[in-house]
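First up is the structure itself, then whatever we jot down about it.
What follows draws every value from the coordinates through simple rules; no lab data is involved. Being a predicted model, the structure only gives us computed values, none of them experimental. Quick reminder, even Gly has a Cβ in these numbers, built from the backbone with ideal geometry, and neighbours come from all protein chains shown.
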Amino acid sequence: GKTIASGSGDKTVKLWRTDGTLLKTIDGHEDAIWGVAFSPDGKMIASASSDNTVKLWRTDGILITTFTGHKAKMNDIVFSLDGKTLAYASEDKTVKLWSLNNINNLDYWLRLGCKRLRVYLQNPNNGMNLNNSNRYLCDDVK
């Protein structure tokens, strides 16, 4: 593609044109970012950070999800060639694989719990086209 992603010590992911023009700055990490990767289809970006998390973003800067569970900073990240799996490595000497097959599946969000589902449903850009009758999938989803 014609877009480059960079992560830095200022806790942001930046998207650049190949001519050096800054297109977008994505905020969301709490510490330095050590690795970034585009999905093979170019629709998502993953970022690995010293805050011990990996975040998955849409290229417009909307956060899709945050992967947690490591005890040390995240060093690197890569998508599989088919875009269905995300692999990330940590200084805690572990590598985790995450299936992305169901990342936009409502059942996936229900399994994560009502709090995350509420955030997802309140995002007008998620493409789900929910109407008012769909709002109460969980008791605490308002």
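For a test of the definition: using alpha carbon positions, the gyration tensor, and the 1.5 limit on a/c, classify segment 3-101 as rounded, prolate or oblate. Could you put the intermediate results ahead of the total?
Numbers: a/c = 1.89, a/b = 1.25, b/c = 1.51.
Oblate, since a/c reaches 1.5 and b/c is not below a/b.
For K96, a cut-off of 21 angstrom between C-alpha atoms picks up these lysines, skipping any fewer than 8 places away in its own chain: K55, K71, K73, K84.
Taking neighbour counts of Cβ atoms within 10 Å as a proxy for exposure, in what order, fewest first, do L23, L100 appear? Before the final figure, lay out the partial values.
Details: L23 13, L100 20.
So the ranking, lowest neighbour count to highest, is L23, L100.
When restricted to Cα atoms, segment 1-40 yields an Rg and a Dmax of 10.1, 29 Å, respectively. Charge tally around W34: other residues with Cβ under 11 Å, Lys/Arg +1 each, Asp/Glu -1 each, net -3.
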